[in-house]
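The values are calculated or read from the model by the stated rules, or taken from the named source; none is laboratory data. Please read all numbers here as calculations on a predicted model, not as lab measurements. Methodologically, a virtual Cβ is constructed for each residue, glycine included, from the backbone with ideal geometry; neighbour enumeration extends over all protein chains shown.
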Amino acid sequence: MLFNQDESEKIARAKKDWEEGLLKRQLERFGMKEPPSRTYTPLDLRDWDFLEKVGFPGQYPFTSLEYPTPLPERLPDTASPAIFLAGAYAGYGTVEDTRDLWRAQRRRGANVAFDLPTQLGYDSDDSISKGEVGKVGIAVDTLRDFEVLYEFLDGVTTMDQSASNFTINAPCNIILAMYIAVAEKKGVDPAKLRGTPQNDILKEFVARGTYIFPPEPSMRMVRDTITYCTKNLPLLNPISICGYHIREAGATAAQTMAFTFADAIAYVQLGIDAGLDVDEFVPRFTFLNFSGSMDFFLEIARARAARRIWAKIMKERFKAKNPRNWVISGLGAAVEGRYCYTTQRPINNLARGIIMGVASALSGGRPSGGVPYDEPLGLGHSYEGTQLSVDAARIMRYEAQLGEVTDPLAGSYYIESLTDEVETETWEIINKIESMGGAVEAIRSGWMQREVAKSAYHYQREVESGQRVMVGVNRFTGENELTVTTNRLVPHPYDPKKREGAEARQIANLAKVKRERDNQRVQSTLKALYQVAKDEKENLIPYFLDCVKAYATLGEMCNALRDVFGEWEPVGIL
Amino acid sequence: MKEGRKIRVVIAKPGLDGHDRGAKVLALGLRDEGMEVIYTGLRQTPEKIVQAAIQEDVDVVGLSCLSGAHNELFPRVVELLKSEGKEDCLVMGGGLIPEEDVPKLKEKGIAAIFTSGASIHTIAEYIRQNVKT
């Protein structure tokens, strides 16, 4: 209770006087039917409780911040755009092409983009892969490809001193097996391996599209990752639970959170159903960000609500005992929505990125300049775009001193009301999903997919009607407007010749592996995989390891699984 | 176009690309513009798309690809439509199509390319003006 009864009534009377006096006269004077902006007062927080709703940084319910203070900055002043680009999600062509690129960038860790055939469990020589090999990432068919890729670390550092992020979902455990096998070949103890495979298959059904098998066997394999990592790979995060893609596919802020948290609930339940204690495996659960929008205040509220909601889920539903496990680990703060960037008058995207950087700072995050302004213009951010983005973050941080106060809008009548509103809306959707039987059921029936499509369509209608303004796209587009341009220097256009020639080269690489491997051994490991896949209780990762070490291909392994699990054929998604 | 018959459109995702926001939004939008729209879902081969186009007796085939495989897949659909005797179809494309690829695609029979920033209404109007009667 922020204010006592008398105070509240006093304010309520004063508000009425203001509305019937000053406000009314203002509206009349300027011929306005409605005030162009809203006003919030203590009346909006009548029943609000600070300790219940906000508390202190690093303490339940974590509304302001996951930790007692922001974490120390690790990058030196001498960090150049090249350093930022070296950490970026990347990969193209054959593993040789990407290995050479990463060597040139002096990378000490991997942030791997795989091509679509790899993500979908098809070999480079499969007819369905034609035209797609090496286009959106590297082509990986066998262990040989991973061995070549990790040559980028030779002479730089060892695999136990390096971390790898794999944006891989359906065939995640196969890629994990390759990672383990390469480490073993290099004499590195796999127990020291660090990194994060994305492994969030549920969002693939909803928003990203790289699913292979139906939901249940897909979830079984995520269970495999959780139990295997908890037991054998203690430094590896088994999953990166993603709201980002769901938002970018068109879901609203509340939908994004609800769908993501419903997915997360399903993943946590996997570990519990496998007999693990929640405090054993949840420490390694990570979240990717929730993407964003240009709704500045909404995004701040959303981030604060996200922390509170996950804390409640972990504490009250899953009864985690260690308070550290009530914390949403990953980027909970506001970030930009990349779909908000425009190809029209692209330098305006810098303004958009900065606005969301401010939102991030005001929601307990680190101010960021956003993704470089030229994101929509094609693959590869320019040096200029990267420098501008990095400097914008520095200006926000050091000149505007936006990190000086943690969650400075805490207590704001507006922001606290909005945070509560977003939280309530999110819980309604989570509860609706739970009443359907949970995330897997909501996905199997196509409900989540239809909701995302409806929201995406609604957004488009708003843009086309002009209700949602996009400067330079649907408003302020006259002849007097200028398109400001710069000379972009994109440091690594993925070499177009290499990119075009990759498919042929990789098919040749694959043919060589198939000729030189022990094909009998391959067949027997695949047979064992096929048999054991039928038993839901079995963990497939040791069998993937056997297949992978025999140089079975990704496609061969996935085809064995397709024979057991079938392929997912979505219906009723639109 | 037969009197009173709604324009029939199939919106397809050829190739392996899984980004379907634009395809779905357009499918819903063209329905609201009074057309009959079939959305094929992801991972359609050119053969499957042409089969759907024939089965559903469509006037328009809309192809969406964001993975860079459009130069192979879009012309292949046109080729197959021709060889199956369905030459009266208007074939259009969208997704992530670099400007420099557009002229060659048009040469190969893709009537128009609509990418980011295009409005549903503009696309619907184009279809109404150009659909083969």
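Report those helices (runs of 4 or more DSSP H) wholly inside segment A:250-334 carrying at least 1 residues which are over 25 Å from A:Ile201 (Cβ atoms), more than 14 Å from chain B (Cβ to nearest Cβ) and not aliphatic (A, V, I, L, M).
Details: elements: A:253-273, A:278-281, A:296-312.
Once the helices (runs of 4 or more DSSP H) in segment A:250-334 are filtered for at least 1 residues that are over 25 Å from A:Ile201 (Cβ atoms), more than 14 Å from chain B (Cβ to nearest Cβ) and not aliphatic (A, V, I, L, M), what remains is A:296-312.
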Identify all residues within segment A:526-574 that are under 18 Å from A:Glu216 (Cβ atoms), without any contact (Cβ under 8 Å) to a residue 12 or more places away in the chain and more than 28 Å from the chain's Cα centre (by Cα); write none if there are none.
-> A:Val532, A:Asp535, A:Lys537, A:Glu538
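Can A:Glu416 be described as closer than 28 Å to B:Ser116 by Cβ, more than 24 Å from the chain's Cα centre (by Cα), away from chain B (no Cβ under 14 Å) and not hydroxyl-bearing (Ser, Thr, Tyr)? Talk me through it step by step, then tell me what you get.
Working: closer than 28 Å to B:Ser116 by Cβ: no; more than 24 Å from the chain's Cα centre (by Cα): yes; away from chain B (no Cβ under 14 Å): yes; not hydroxyl-bearing (Ser, Thr, Tyr): yes.
Against the criterion (closer than 28 Å to B:Ser116 by Cβ, more than 24 Å from the chain's Cα centre (by Cα), away from chain B (no Cβ under 14 Å) and not hydroxyl-bearing (Ser, Thr, Tyr)), A:Glu416 does not qualify.
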Just need a number here: residues in segment A:175-220 that are hydrophobic (A, V, I, L, M, F, W, C) and over 21 Å from A:Phe259 (Cβ atoms).
-> 11
Any residue at all in segment B:125-132 that is touching a residue at least 40 places away in the same chain (Cβ under 8 Å) and over 24 Å from B:Gln51 (Cβ atoms)?
-> yes
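Residue by residue through segment A:538-574, note down the ones that are touching a helix residue (DSSP H, G or I) at 6+ places or on another chain (Cβ under 9 Å), part of a loop (DSSP other than H, G, I, E, B) and modelled with pLDDT of 95 or more.
First, pick out the residues of segment A:538-574 that are touching a helix residue (DSSP H, G or I) at 6+ places or on another chain (Cβ under 9 Å): A:538-561, A:563-566, A:568, A:570, A:572-574.
In the following step, the residues that additionally are part of a loop (DSSP other than H, G, I, E, B) were identified as A:538-540, A:550-553, A:566, A:568, A:570, A:572-574.
A:Glu538, A:Asn539, A:Leu540, A:Ala550, A:Tyr551, A:Ala552, A:Thr553, A:Gly566, A:Trp568, listed by residue number.
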Filtered residue count, segment A:83-135, keeping only those that are surrounded by fewer than 22 Cβ atoms within 10 Å (Cβ to Cβ), under 23 Å from the mean Cα position of the chain (by Cα) and part of a helix (DSSP H, G or I) = 4
Residue count, segment A:344-370 (criterion: surrounded by fewer than 21 Cβ atoms within 10 Å (Cβ to Cβ) and farther than 24 Å from A:Ala305 by Cα) | 6
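Going through segment A:175-212 one residue at a time, which ones are part of a loop (DSSP other than H, G, I, E, B), farther than 20 Å from A:Asn111 by Cβ and within 14 Å of another protein chain (Cβ to nearest Cβ)?
First, pick out the residues of segment A:175-212 that are part of a loop (DSSP other than H, G, I, E, B): A:186-189, A:193, A:198-200, A:209-212.
Restricting the remaining residues to those that are farther than 20 Å from A:Asn111 by Cβ gives A:187, A:189, A:209, A:211-212.
Passing the criteria: A:Gly209, A:Tyr211, A:Ile212.
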Where B:Thr115 falls short, out of the listed (1) without any contact (Cβ under 8 Å) to a residue 60 or more places away in the chain; (2) within 13 Å of chain A (Cβ to nearest Cβ); (3) in a helix (DSSP H, G or I) = (3)
Could you list, in sequence order, the residues of segment A:2-59 that are surrounded by 10 or more Cβ atoms within 10 Å (Cβ to Cβ) and on the phi > 0 side of the Ramachandran plot?
-> A:Gly55, A:Gly58
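Would you mind listing the helices (runs of 4 or more DSSP H) fully within segment A:393-475 where at least 1 residues are farther than 30 Å from A:Ser64 by Cα and in contact (Cβ under 8 Å) with a residue 12 or more places away in the chain? Break it down stepwise before answering.
Details: elements: A:413-436, A:439-444, A:447-465.
Here the list reads A:439-444, A:447-465.
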Out of (1) within 14 Å of chain A (Cβ to nearest Cβ); (2) more than 14 Å from the chain's Cα centre (by Cα), the one B:Gln129 does not meet is (1)
